[in-house]
1. Over 31 Å between C-alpha atoms is what I'm after, so list which of A:Lys185/A:Lys294; A:Lys297/B:Lys50; A:Lys262/A:Lys360; A:Lys184/B:Lys30 land there.
2. Taking every residue in B:53-60, how many Cβ atoms of other protein chains lie within 10 Å of its Cβ, on average?
3. If packing is taken as the average count of other Cβ atoms within 10 Å, what order do A:232-238, A:365-371, B:81-87 fall into, highest mean first?
4. Roughly how many whole Å is it from the C-alpha centroid of region A:290-335 to that of region B:72-110?
5. Would you work out the charge dipole size for region B:20-79 about its Cα centre, treating the Cβ of every Lys and Arg as +1 and the Cβ of every Asp and Glu as -1, and quote it to the nearest 20 debye?
6. Rounded, prolate or oblate: which one fits region A:263-385, using the alpha carbon gyration tensor with axes a ≥ b ≥ c (rounded when a/c is under 1.5, else prolate when a/b beats b/c, else oblate)?
7. Counting other Cβ atoms within 10 Å, which GluC sites (Glu not before Pro) in region A:314-362 have at most 13 and lie in a DSSP loop?
Amino acid sequence: MLFSIYHRAFTGANTLSTCIIRQCEKKDVSDQNETTTKDVKPEVEAKANDGGETQQQGDGKVEQVLSKPSQVKSDGAKSGKEGLLDLLGAMKVEVTNKRKLKNLKTKQSFETSAQYKSKPAAMESTISMFQKATVQASAKSDALDPDIVAAASAAAATLPNQSQAESELLKQLRQRKALTEAQKKGDINNLGDLIADMKVGKKPARQNAWPADQIRFDDDGQGYTHDRGITGELANIRKRRNVFPTKRLNIFSPTTDQQGAKPTLWDMDFANELSLSANQMPRNGFEEMIQWTKEGKLWQYPINNEIGLEDEASVPFHEHVFLEKHLEEGFPRQGPVRHFMELVVAGLSRNPYLTVQQKKEHISWFRDYFHQKKDVLSEADVDLS
Amino acid sequence: VAYFALGSCWNAVAQVRSYYVDWRMLRDVKRRQMAFEYAHERIRINALRKNTILPKELQEIADKEIAALPRDSCPVRIRNRCVLTSRPRGVKRKWRLSRIVFRHLADHNQMSGILRARW
């Protein structure tokens, strides 16, 4: 789902552009055109330009190289902030199903990633321009990643109402993070608490709700009750949305017995050998299916789409997407080889099916290949800096 | 003469097929395994070949490299045969069965949810 957002974003921009910051700007410009109003936009742009220019004049230490990306960053970041504010404003919205939640979460993470990406290039200028940012960041970094917190504070610093915007941002980020973790654990109860402040759409009131045992009358005056038997009871039970009541009955005390020592490797080996020697042929279809599941021929139920990839869930998304840092060493800076590798990296960033390790191997394969073919490339007058 | 302690392991004397149906199916299995092994290499070399950015000399060398890979490693040689009879034609992809086997199983009620068409 995250990568589908990228797909939508990047299909607009051609992959031939070489600078991610430029791409971010393009996306933000398109966002701006869609979401912000006309009278806010020139104001914001003028402010950004003034801020950038005065800083360039005033701060002699800022190099020429840094000043350009800083201005680009503030431009892109400004429109990014606008988009982010609009998103925050629209956050208190009817949320009725999981998909909308996930979309909102991914949209927000994309916005934070846009700021995060432009952060390394302009970190020095950020610190020199907005001194309060880092101080405030340390105050509110309880559960969030410090990079995200720093990015949020840098984002809030460009807004008029800095402290309030920052606290809002951090609150939303924390909420989103808690939501993701609750969803990951599958903890439905806490999820309910988290969504508590979001408005929930109500189902229309059920019409024609007859009482279950209403006596109906035939033409001859004899009454009869609709005898549904047990199906009515079962239907009623199924209608109740939670089968397990929220309050405990406290009939049984929670188990406190110990498992004993963890089974050692030898115990497991013994059990394995025993099962091998005793039960060789499956006696029925169930055992056959169990055997196939153990061998890996049959899927495990309930179906888990990410069955071999549990470790990948903990890998943060920016390692999947921002792969240019692998291109820094081993590849030339200019030329067709670099162009080709940037296309490869763009494709990999949009690929949700490979693990990060596989992507790195992909890039290193190309590195080795181009090293081997150095003489061919020099013959063809390709720049190998 | 050797005896075997049968015990409980021979209660179900089901027909266990431990061989492939025919040699062509075996060769197809080998091609699939090989295509899986060489999949990454092939896609990378093809990426080098099929673009207009890299110099032509490099692309010609890549052409020769991919031609030098074993012939069974290309996925084009894989044929979706029927899993039970190894029939190369008339195989429905979703069930991996040939039309004859499919009809046989469906008529004997072994396919969950498959009905004879009627409208």
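1. A:Lys297/B:Lys50; A:Lys262/A:Lys360; A:Lys184/B:Lys30
2. 6
3. Peptide ranking by packing, descending: B:81-87, A:365-371, A:232-238.
4. That distance is 31 Å.
5. Result for region B:20-79 is approximately 260 debye, rounded to the nearest 20.
6. Verdict is prolate for region A:263-385.
7. A:Glu328, A:Glu329
Computed from the coordinates by the stated procedures, all read-outs in this text should not be read as laboratory data. Keep in mind that this is a model prediction, so the values were computed, not measured. In this analysis, Cβ positions are derived from the backbone assuming ideal geometry, glycine residues included, and neighbour counts consider all displayed protein chains.
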